[in-house]
There are 2 protein chains.
Amino acid sequence: MRKQTRLILALDETDVARAMAVAEAAADQLDAIKVNWPLVLAGGPKVITYLAELAPVVCDFKVADIPNTNRLIAESAFHHGASGNNVHAITGRDSVQAVVEEAKGKEVFVVTEMSHPGGKEFTAPAADQLARVAVEAGATGVIAPATRPERIAHIRSLIGGRLILSPGVGAQGGSAADALRNGADYIIVGRGIYGDRDPRAAAIRYARQAREAL
Amino acid sequence: MRKQTRLILALDETDVARAMAVAEAAADQLDAIKVNWPLVLAGGPKVITYLAELAPVVCDFKVADIPNTNRLIAESAFHHGASGNNVHAITGRDSVQAVVEEAKGKEVFVVTEMSHPGGKEFTAPAADQLARVAVEAGATGVIAPATRPERIAHIRSLIGGRLILSPGVGAQGGSAADALRNGADYIIVGRGIYGDRDPRAAAIRYARQAREAL
């Protein structure tokens, strides 16, 4: 994906027409568009292809299956036009490796921790190990929450020069500046853009925040 | 889902036409058809709807996201005609509960352990806790591997009368009889049926094995 505005739109909008309108309005402010399963279930896998004409698409599929199934999911996501795919490391190194191998140079981001309360039960205690799995499996980078910038700095110390994508900026309370200054390469904004009356103006604001922070 | 033959087909076939032909041939031998993401990405979410006309469909989506995203995925799976959905417990109790609440009486099965080598790294050590999360969140049942029937018996002791669905019968080496006698309610067969030259005859054989084991 490109590295210009440092802004990724989390297109967690399940009204397909509205999602497309938001993406079209904001696209030139975005380094990528992140798409999750609910939008794909609403519009079919062709939404990946449509969105990929506007900006690089990262499928936030959080794949968490055995290696062969992970590989098939990644293969299909890339086939439909995705430039990246997100995978859980909690289902083990071989499951991550299968996606990395299938990516053939496209991007694979590993989920190392999650922001919801249940994320503290099993995944957060393993976050450092999960980041190491990401490195050893050859992933492009990891996902680390903007709501906890000190964790971004810590994860940065574990993964060297790999990329950090940081969700939770905006409606969830994370700050673009704090995330980027602590080592994130990209901020991910969802409702702060697609929930705004003027998504394009909102994207311009977040891109400006990112530019000023760097 | 019905409880007649105790046989669930894992329709891990990504050629949509072939998948439909297999399902049509075997349907009257099946208590359910299990569908995973690769088939949905190949054929679009309408494959769920088509298959649900043949037999109850369990979406083996192994959802592993925050509660709201899990809820949206489950809502869409049920909307497209699924009677059940699979969810990881490793992302925490609230993520499972969100799917159970969205199910409104439909079925939710929790992944407690997986059969691939990477499953031993993080999930297998937590399997007993994950089974307890399934019970406490009010899930319909859990998934437990036929390749390790002693684990089925152990999981049975943890979850009371909840259902156990047991994959790995056939090509992966699990035995229908061992799984059912150790407490599984259903056996899940994939390649042993869809990879057979005569999927209907194969389904009849597995259904007979299940009947004779009980």
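The values are calculated or read from the model by the stated rules, or taken from the named source; none is laboratory data. Keep in mind it's a predicted model, so treat the numbers as computed, not measured. Here the Cβ positions follow ideal geometry from the backbone for every residue, glycine too, while neighbour counts run over all protein chains shown. Side chains included, ligands, DNA and RNA excluded: accessible areas come from the protein's heavy atoms. Shrake-Rupley method; radii C 1.70, N 1.55, O 1.52, S 1.80 Å.
Annotations for the structure displayed:
- Interface area, B with A, accessible, probe 1.4 Å, both sides summed, Å² nearest 100: 2900
- Dipole of region A:23-108 [Lys/Arg +1, Asp/Glu -1 at C-beta], most positive-end residue of A:Ser76, A:Ala25, A:Gly105: A:Ser76
- Rounded, prolate or oblate (a/c below 1.5 giving rounded, otherwise prolate when a/b exceeds b/c) for region A:7-213 by Cα gyration tensor: oblate
- Averaging the Cα positions of each part gives two centres, and for region A:47-69 and region A:137-214 these lie 19 Å apart.
- A simple charge model with +1 on the Cβ of Lys and Arg, -1 on the Cβ of Asp and Glu and nothing else charged puts the dipole of region A:7-213 at about 320 debye relative to its Cα centre.
- Net +/- balance of residues flanking A:Ala82 in space, Cβ distance below 11 Å, scoring K and R +1, D and E -1: -1
- The share of Cα pairs per 5 Å bin across region B:58-180, counted from zero up to the longest distance, runs 2, 13, 23, 24, 20, 12, 6, 0 percent.
- Cut-off 11 Å between beta-carbons: net charge of the residues surrounding A:Leu72, Lys and Arg +1, Asp and Glu -1: -4
- Gyration tensor (alpha-carbon) shape descriptor, region B:140-214, a/c threshold 1.5: prolate
- Shape descriptor for the protein assembly as shown: Rg over Rh equals 0.98 (Cα atoms; Rh from the Kirkwood inverse mean 1/r).
- Neighbour count of at most 16 Cβ within 10 Å plus DSSP loop: longest trypsin sites (Lys or Arg not before Pro)-free window in chain A: A:4-103
- Förster radius 45 Å - calculated FRET efficiency between A:Asn68 and A:Ala17, Cβ distance, rounded to 0.05: 0.80
- Kirkwood-Stokes translational diffusion coefficient of region A:1-115, alpha-carbon pairs, 37 °C, 0.692 mPa s, µm²/s: 233
- Under-5 Å amide H pairs with A:Val57, H placed in peptide plane, nonlocal only: A:Ile33, A:Ser83, A:Gly84
- Region A:1-51: equivalent-ellipsoid semi-axes (sqrt of 5 x gyration tensor eigenvalues, Cα, Å): 19, 11, 9
- Calculated FRET efficiency, B:Leu214 to B:Lys46, Cβ-Cβ distance, R0 = 41 Å: about 0.70 to the nearest 0.05.
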